[in-house]
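The values are calculated or read from the model by the stated rules, or taken from the named source; none is laboratory data. Computed from a predicted model, the values in this text were never measured in an experiment. Because the Cβ atoms are built from the backbone with ideal geometry, glycine has one as well, and the counts that use them run over all protein chains shown. Quick note on the areas: whole protein, heavy atoms, side chains included, nothing else; ligands and nucleic acids left out. Shrake-Rupley method; radii C 1.70, N 1.55, O 1.52, S 1.80 Å.
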Amino acid sequence: MSFFETLGDRIESTDSVVSVGLDPDPSRLPDAVADADLPRWAFNRRIIDATHEHAACYKPNAAFYEDADGWRALEETIAYAHGKDVPVLLDAKRADIGNTTRRYAEALDRADAITVNPYLGRDSLQPFLDREEKGVFVLCRTSNPGGSDLQDLELASGEPLYERVAALADVWNGNDNVGLVVGATAPEELAEVREIVPEIPFLVPGVGAQGGDAEAAVEHGLADRPDAPVGVGLVNSSRGIIFAGEESSRPGDEATYFGAAGDAAKRLKKRLNRHR
């Protein structure tokens, strides 16, 4: 099965489009995992146990695993998520040329999908695109405030750069495995990109701690596809779920801390489902 077929089935079975971002910032990990051999893995395992019933996907960000112990923690995390039948999208924003990008694409040997940066052009993404069964989410209109510095630039054709990226992604989608990253903090742009690519699923960050528009994320982020029984797409929250325990009444209690993550994932699922 392709990634989007698998994701569609997962969305249907969990009645959820929630992507849980697994970004285990070492400075914020609770005491309950501090003495573990791999604290980031110990943290992620408990988060997965608490949230998997509400998760359509897990999205570990590679930036939080860029060391020897981190890569070990990431491998364990991916294997454990797969054991819960949850697909994994590696947020790595990779792209390069020649042998380098082919090596980057090997990350897909373990994960089910990856985020990529389009600004080196098609050849920098081809090794990812060639993995027919894997998902490739192309950065289009990101949720950070500085995204407009480049993405909103007007081209000679009169269109903003992010719209050209969306159109190119549609051209690159020969294996029907391309998605787009479009942030919920720019709901008007979300709607515009959806008009350009009606059948491409979106990964929509920014709904959690960044305060993005949940209704727009669902209305425009999900794509109707002939290979899926439901609208396919993902709405991501990272810090708002995995560190929800910091705001609990007993943050030092392990069950309470990780239970708060499960509750946050469930609340987000219900919030998003009101607009599906």
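Looking at this structure, is residue 194 under 24 Å from residue 127 (Cβ atoms), free of Cβ contacts under 8 Å to residues at least 60 places away in the same chain and surrounded by 14 or more Cβ atoms within 10 Å (Cβ to Cβ)? When the stated conditions are applied, residue 194 does not pass them.
Yes/no matrix, rows are residues, columns are (1) open to solvent by 20 Å² or more (accessible area, probe 1.4 Å); (2) among the acidic types (Asp, Glu); (3) more than 15 Å from the chain's Cα centre (by Cα); (4) at pLDDT below 95:
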residue: 105; (1), (2), (3), (4): no, no, yes, no
residue: 112; (1), (2), (3), (4): yes, yes, no, no
residue: 117; (1), (2), (3), (4): yes, no, no, no
residue: 120; (1), (2), (3), (4): yes, no, yes, no
residue: 133; (1), (2), (3), (4): yes, yes, yes, no
residue: 140; (1), (2), (3), (4): no, no, no, no
residue: 147; (1), (2), (3), (4): no, no, yes, yes
residue: 154; (1), (2), (3), (4): yes, yes, yes, no
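The single condition among (1) over 20 Å from residue 57 (Cβ atoms); (2) not in a helix (DSSP H, G or I) that residue 146 does not meet is (2).
Scanning for something within 19 Å of residue 218 (Cβ to Cβ) and crowded, with 19+ Cβ neighbours inside 10 Å, does region 20-40 turn up at least one residue?
yes
If you take the residues in region 234-276 that are touching a Gly at 6+ places or on another chain (Cβ under 7 Å) and of a type in the set (Gly, Ala, Ser), which one is surrounded by the most Cβ atoms within 10 Å (Cβ to Cβ)? Going through the qualifying residues, I end up with 237.
When region 14-44 is filtered for residues that are in a helix (DSSP H, G or I) and either without any contact (Cβ under 8 Å) to a residue 12 or more places away in the chain or under 18 Å from the mean Cα position of the chain (by Cα) (or both), the ones remaining, listed by number, are 14, 27, 34, 42, 44.
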